Amino acid sequence: MHYLVIVKATCTYNLYHPMKSKLFLLMVLFSALLLESVSAQEKKKNVAFSGYDGVVVAGYIDQGAFLNFAGPNITYRSGFTKVMLGMLPSLRYKEDEAAIKNSSVLPVLGIGLSYSYKHLVLQLPLYYNAKTATKDGCWKPGLGIGYRFYQ
């Protein structure tokens, strides 16, 4: 015999909370941009979605360094110029100055804007620093320079 079990899950998501509403708005805008790029991709080939662009970037952020590899992104291409907005799987290097030290190398996922001309890449990443006992969580901007392996 088969029994059907119905479970009612109650979940409240208060969109009136300032941080949640900003996150929701950011997700809606990113989804609209993604849908627009897919429809624009059919019209012209200079805007596309890419899984990996062969980009390696090193840079400075929040009194430390990062090394990232441009992940899934939306790309605008014109000649040798490329502008990418997407996710940045990265390794962050930062010395912890607390009494109990964390690892100095952390895997993180950031978001950011990358500009490349031929093989040179300039990047403006954003990484989230998680909340600790002494500091609130916040987004930190950075600056990086790197290399694109293929065009």
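The values are calculated or read from the model by the stated rules, or taken from the named source; none is laboratory data. Quantities reported herein were computed from a predicted structural model and do not represent experimental measurements. We place every Cβ from the backbone using ideal geometry, glycine too, and count neighbours over all the protein chains shown.
Here are the numbers:
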{"quantity": "Hey, GLY110 among the small types (Gly, Ala, Ser), within 30 Å of LYS135 (Cβ to Cβ) and out of contact with any Cys (no Cβ under 6 Å at 6 or more places or on another chain) or not", "calculated": "yes"}
{"quantity": "Among residues of region 94-109, those that are surrounded by 14 or more Cβ atoms within 10 Å (Cβ to Cβ) and touching a Gly at 6+ places or on another chain (Cβ under 8 Å), counted", "calculated": "1"}
{"quantity": "Qualifying residue in region 129-145 (condition: in contact with a strand residue (DSSP E or B) (Cβ under 7 Å, 6 or more places away or on another chain), charged (D, E, K, R), under 24 Å from LEU29 (Cβ atoms) and surrounded by 14 or more Cβ atoms within 10 Å (Cβ to Cβ))", "calculated": "yes"}
{"quantity": "Residue match in region 40-61 (condition: hydrophobic (A, V, I, L, M, F, W, C), farther than 29 Å from LYS22 by Cβ, modelled with pLDDT of 90 or more and assigned to a strand (DSSP E or B))", "calculated": "yes"}
